[in-house]
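Here is the structure we will look at.
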Amino acid sequence: MKALLVYPEFPDTYWSFRYALSFEGKKSAFPPLGLLTISAMLPDSWQRRLVDMNLRPLSVADIKWADVVLASAMLVQKDSLRRVVALCKAHGKRVVVGGPYVTSGAKQLPEADHIFLGEAETTLPEFVRDFERGNARRIYQAAARPPLSATPVPDFHLAELRYYTAMPVQYSRGCPFQCEFCDIIEIYGRVPRTKSNEQILAELDVLLQAGWRGSVFIVDDNFIGNKPNVKRLLPELAEWSERHGHPFSFLTEASVNLAGDDELLDGMRRAGFRRVFLGIETPVAESLKEAQKGQNLRGDLLESVKKIQSYGMEVMGGFIVGFDHDPDDIFERQINFIRESAIPLAMVGLLTALPDTQLWRRLEREGRLLAESTGNNTDCSLNFVPKMDAARLVDGYKSILRTIYSPSEYYQRALDCLKRVAQMAPEPRQGGLVSDALTLARIVLALGMRDPKRSEFWRYLSKVLIEHQGKFAQAMRLAAMGYHFRKLTEVYCQ
C-alpha cells in the first residue's frame, strides 16, 4: 500500500515568516508534525511519501504514485485543502482528511472519502484494518481523548530537514484554562495529557541521529499546563542536553503564570529554552475578564514579561483587539504595552470567532456571527459584529501594526529586548560558518542596502556592535523577523 501524506499550503501571513526565512535559505518554519505522527502509526508494510506544499507543489506524479492520500490542515489552510482533495479525487484516488480544521469546523467536505474527527491514536488503526478489508467507513470519530503513551515517535525522516528553520515535538495536549476565544480546549480538552520523559527524549534522539542541530519547537499550546509533570521533565531534559553537547535550543508556548514559578523558570533556563510565546492578549482588565482569561489578572503583566526575560528567554506575545469591553483608547494602550514590554515579536490580531468555541456559541446566540473565520487573524477581516464601530476597529488595528513594525519602533524594542534578556551561551545552529555568513550577507543586502529605511538598520547595527556584541546572532535574527512583519504590514495595512 502506498500512502501519500499531503500538507496544504499556508497563505502568506505574519505566521508564515516567509521574508525572514528567505535570509536563511529556508522555505518553511517547521514540518507538519501531525502528518509525521500519522505516518508512524501506519503499518510497516505501507510505503509513505510526504509532500509539504509549503516547500513544493503537489504534482500529478505524486498523486499517481499513491493508493491513498492523507491530508491534514488547520483553518487557515482550508482553501488549499479543498483544492488538494478535488485534485486527488479527479485522479481517482481515495482521500482521507483530518486535523484541527476538519475536527472543529469543516462541515462541507463531500469530496473526501474518509473523515477523521478528533485525535487519531485509536481510530487510525481501526481505519487501516477496515481499509485493507475494503469496508472503511466515511466518518471515524474518536470516542475519547487518548493517552499520549499511545503516540509513536514521528517519522522525521520523511521531512526534508534542510528546508526548515526548526523541528517540532509535542509534549502535551490540552490546557487547564477556559479562554472564551480558544479552540484548543475544545479540541484537546482542559485536562492536559503529557508524554513520558522517555518518549520526549526518544524523539530528541531521533532528531539528533538525523543530523538536526538548532531550534526545537515544543508545539504545546501551553507547555506548562501540567506543571508537576513539566517539573519532572526539565531536569532530565537538561541532563540530556548536557550529555549531548547542547545540540538544541528550545522554544515553546506558555501561559503568563509561568512568571510566578521560579522553579519552572530555572528549569527551563537550565534545559536550554530561549524563547517563549505568551498569550497576553490585552492590558485591559475588563477585556481579560470578558475573555475568561483570569490567569492574566493574577499579577502585573509587564512585570511578568520582565521576569521571564530575566531568565534568558525572549518573550514573544499574542495580542488581540476587538473585545466588547475594549475602551476607546485600546489602540494606544496596546502600542504602549508592547513598547514597554520590549517584545519585538508582538503578534497582534483582530478577535476572531473560531468554530465551536465558547465565543462562537455566544456570538451565535446574540445574532452577531457573520461568516466562518479565514483562520488568519491578521488579514483585517471580521467574522462577527463588534461592539466598536467595525471600520474604526479595523483602522485602529492597522494603526497598531503600522506603529509597532515601523523600523524605528521595532529596532528600539529589539534593542530593549537584548538588554533585558539575560546572556546565555550561543545557540546551536543548523549549518556552519559559510551558512551563517551567507545569511548575514543577505540580511545586510536587504536591510542595509536595498531597503528605503536602511538608515534605521545601520543605527540599530551600530548599537548592537557597541552594546550587545555577545548577542549579535540574536540581534540579526530579530532584524530579519522585523523585516518580515514590516513587509506584511505594508500589504495588509495599505
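The values are calculated or read from the model by the stated rules, or taken from the named source; none is laboratory data. Since the structure is predicted, the reported quantities are computational estimates derived from the model, not experimental observations. Cβ atoms come from the backbone with ideal geometry, glycine included; neighbour counts cover every protein chain shown.
Structure data summary
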{"item": "Residue check, residue 423 within 27 Å of residue 340 (Cα to Cα) and not in a helix (DSSP H, G or I)", "result": "yes"}
{"item": "Residue in the range 55-66 that is within 12 Å of residue 7 (Cα to Cα), buried (at least 23 other Cβ atoms within 10 Å of the Cβ), in contact (Cβ under 8 Å) with a residue 40 or more places away in the chain and of a type outside the set (Asp, Glu) present", "result": "no"}
{"item": "Test: residue in the range 313-324 that is part of a strand (DSSP E or B) and either farther than 30 Å from residue 388 by Cβ or at pLDDT below 95 (or both)", "result": "yes"}
{"item": "Exclusive hit being in the same structural domain as residue 355 (by TED's automatic domain parsing) and crowded, with 16+ Cβ neighbours inside 10 Å, set 148, 204", "result": "204"}
{"item": "When residues of the range 268-294 are limited to those that are assigned to a helix (DSSP H, G or I) and buried (at least 20 other Cβ atoms within 10 Å of the Cβ), the one nearest to the chain's Cα centre (by Cα)", "result": "268"}
{"item": "Which numbered condition residue 439 misses (of (1) touching a residue at least 40 places away in the same chain (Cβ under 8 Å); (2) in the same structural domain as residue 306 (by TED's automatic domain parsing))", "result": "(2)"}
{"item": "Which numbered condition residue 385 fails, given (1) of a type in the set (Val, Ile, Thr); (2) crowded, with 19+ Cβ neighbours inside 10 Å; (3) farther than 29 Å from residue 311 by Cα", "result": "(2)"}
{"item": "Residue within the range 100-107 that is touching a residue at least 12 places away in the same chain (Cβ under 8 Å), in a loop (DSSP other than H, G, I, E, B) and more than 25 Å from the chain's Cα centre (by Cα) present", "result": "no"}
{"item": "Matching residues, the range 428-440, being in a helix (DSSP H, G or I) and over 24 Å from the mean Cα position of the chain (by Cα)", "result": "433, 434, 435, 436, 437, 438, 440"}
{"item": "Failed criterion for residue 306 (all others in (1) among the basic types (Lys, Arg); (2) farther than 24 Å from residue 384 by Cα; (3) without any contact (Cβ under 8 Å) to a residue 12 or more places away in the chain hold)", "result": "(3)"}
{"item": "Candidate set from the range 359-374 (those that are out of contact with any Ser or Thr (no Cβ under 8 Å at 6 or more places or on another chain) and in a loop (DSSP other than H, G, I, E, B)); member that is surrounded by the most Cβ atoms within 10 Å (Cβ to Cβ)", "result": "372"}
{"item": "Number of positions in the range 175-190 that are without any contact (Cβ under 8 Å) to a residue 40 or more places away in the chain and assigned to a loop (DSSP other than H, G, I, E, B)", "result": "1"}
{"item": "Inter-residue pairs, beta-carbon under 8 Å, first assigned to a helix (DSSP H, G or I) and in the range 137-149, second β-branched (Val, Ile, Thr) and surrounded by 17 or more Cβ atoms within 10 Å (Cβ to Cβ), 6+ apart", "result": "148/194"}
{"item": "Every residue from the range 295-319 that is surrounded by 22 or more Cβ atoms within 10 Å (Cβ to Cβ) and touching a Ser or Thr at 6+ places or on another chain (Cβ under 6 Å)", "result": "305"}
{"item": "Selection within the range 339-358 - surrounded by fewer than 23 Cβ atoms within 10 Å (Cβ to Cβ) and in a helix (DSSP H, G or I)", "result": "339, 340, 358"}
{"item": "Cβ pairs under 8 Å, 6+ apart, first in the range 357-372 and not assigned by TED's automatic domain parsing to the domain that holds residue 182, second surrounded by fewer than 18 Cβ atoms within 10 Å (Cβ to Cβ)", "result": "none"}
{"item": "Residue list for the range 170-200, restricted to those being under 23 Å from residue 250 (Cα atoms), surrounded by fewer than 18 Cβ atoms within 10 Å (Cβ to Cβ) and of a type outside the set (S, T, N, Q)", "result": "176, 198"}
{"item": "Subset of the range 373-427 [over 21 Å from the mean Cα position of the chain (by Cα) and modelled with pLDDT under 90]", "result": "423, 424, 425, 426"}
{"item": "Any hit, the range 110-125, residues being assigned to a helix (DSSP H, G or I), farther than 26 Å from residue 190 by Cβ, outside the structural domain of residue 184 (by TED's automatic domain parsing) and of a type outside the set (Gly, Ala, Ser)", "result": "yes"}
{"item": "Conditions (1) touching a helix residue (DSSP H, G or I) at 6+ places or on another chain (Cβ under 6 Å); (2) in a helix (DSSP H, G or I); (3) under 27 Å from residue 80 (Cα atoms): number failed by residue 398", "result": "(1)"}
{"item": "Selection status of residue 456, within 24 Å of the chain's Cα centre (by Cα), surrounded by 13 or more Cβ atoms within 10 Å (Cβ to Cβ) and among the acidic types (Asp, Glu)", "result": "no"}
